[in-house]
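Following: one structure in structure tokens, then a few remarks.
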Amino acid sequence: MATAAPRKSDRKLQLILRHAATVFAEKGFEGASIRDISRSCGISLSGLYYYFESKQKLLFLIQSHAFTSVLERLEQRLEAEASPERRLRLLVENHVDYFLSHPLEMKVLSHEAEALEEPFRREVAAIKRRYYELALRLYQDLARSGGVRATNARVAVLGLFGMMNWIYTWHNPKVDPRAETLSG
């Protein structure tokens with residue numbers, strides 16, 4: 001089944017989100033203004049407000065889009081894999097690959113999580129919870145298969161996320177391995 005080409009408005013939305021992530025990563029959410037984002041993407045203030053009524057909405061869409069993309073891509077990749085060990089590796093590979101290819105979004109996710117206000121915070125938390133629960137199931141499946149020794153699954157999964165989430169701070173693509181090598 002062929003996918004429709006992205007609409008012009010979808011492409012513009014992605015452009016704005018990419019530039020907003022850049023500005024938020026450089027200046028921080030509180031230090032950035034809508035005018036900064038307008039300048040960065042070359043769209044008038046009124047043009048930006050056509051898509052977003054607030055800076056909060058921009059932050060929400062960056063976070064929501066990133067977490068949803070990672071989760072949906074992982075779910076799709078897991079459909080074809082039965083091995084508990086390979087499924088957990090796919091989690092790591094998928095997460096690391098996405099965030100190495102989206103380092104500015106990763107910085108925003110890591111540093112601006114607390115800046116998100118309700119109801120946006122609750123919506124992003126629900127997506128993050130689904131992702132965590134999937135990761136927990138993958139780890140528990142591997143433990144049941146004997147692939148890892150019995151340990152506190154919650155601590156193990158949160159530790160794994162801790163390692164993966166900070167990769168943007170140290171990974172240098174010129175000298176460090178790619179995501180699939182790091183995951184295995």
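Pick from region 157-184 the residues that are among the polar types (S, T, N, Q) and not in a helix (DSSP H, G or I): which of them is farthest from Ser110 (Cα to Cα)?
Ser183
So Val148 passes all but one of these: (1) part of a helix (DSSP H, G or I); (2) surrounded by 15 or more Cβ atoms within 10 Å (Cβ to Cβ). Which condition number does it fail?
(1)
Could you grab the pairs with beta carbons closer than 9 Å, sequence gap of 6+ or different chains, first residue in region 10-33 and farther than 11 Å from Leu104 by Cα and assigned to a helix (DSSP H, G or I), second one β-branched (Val, Ile, Thr) and modelled with pLDDT under 95?
So the pair list comes out as Lys12/Ile43; Leu15/Ile43; Ile16/Ile43.
Somewhere in region 68-76, is a residue buried (at least 18 other Cβ atoms within 10 Å of the Cβ) and more than 30 Å from Arg87 (Cβ to Cβ)?
Taking every residue of region 68-76 in turn, none turns out to be buried (at least 18 other Cβ atoms within 10 Å of the Cβ) and more than 30 Å from Arg87 (Cβ to Cβ).
Which is within 16 Å of the chain's Cα centre (by Cα), outside any loop (DSSP other than H, G, I, E, B) and either on the phi < 0 side of the Ramachandran plot or not hydrophobic (A, V, I, L, M, F, W, C) (or both), of Arg154, Arg121, Arg137?
None of the other options fit; the residue is Arg121.
Out of all the residues in region 87-101, is one or more part of a helix (DSSP H, G or I), touching a residue at least 24 places away in the same chain (Cβ under 8 Å), closer than 30 Å to Arg149 by Cβ and of a type in the set (S, T, N, Q)?
yes
The values are calculated or read from the model by the stated rules, or taken from the named source; none is laboratory data. Predicted model only: the values in this text are computed from it and were never measured. Because the Cβ atoms are built from the backbone with ideal geometry, glycine has one as well, and the counts that use them run over all protein chains shown.
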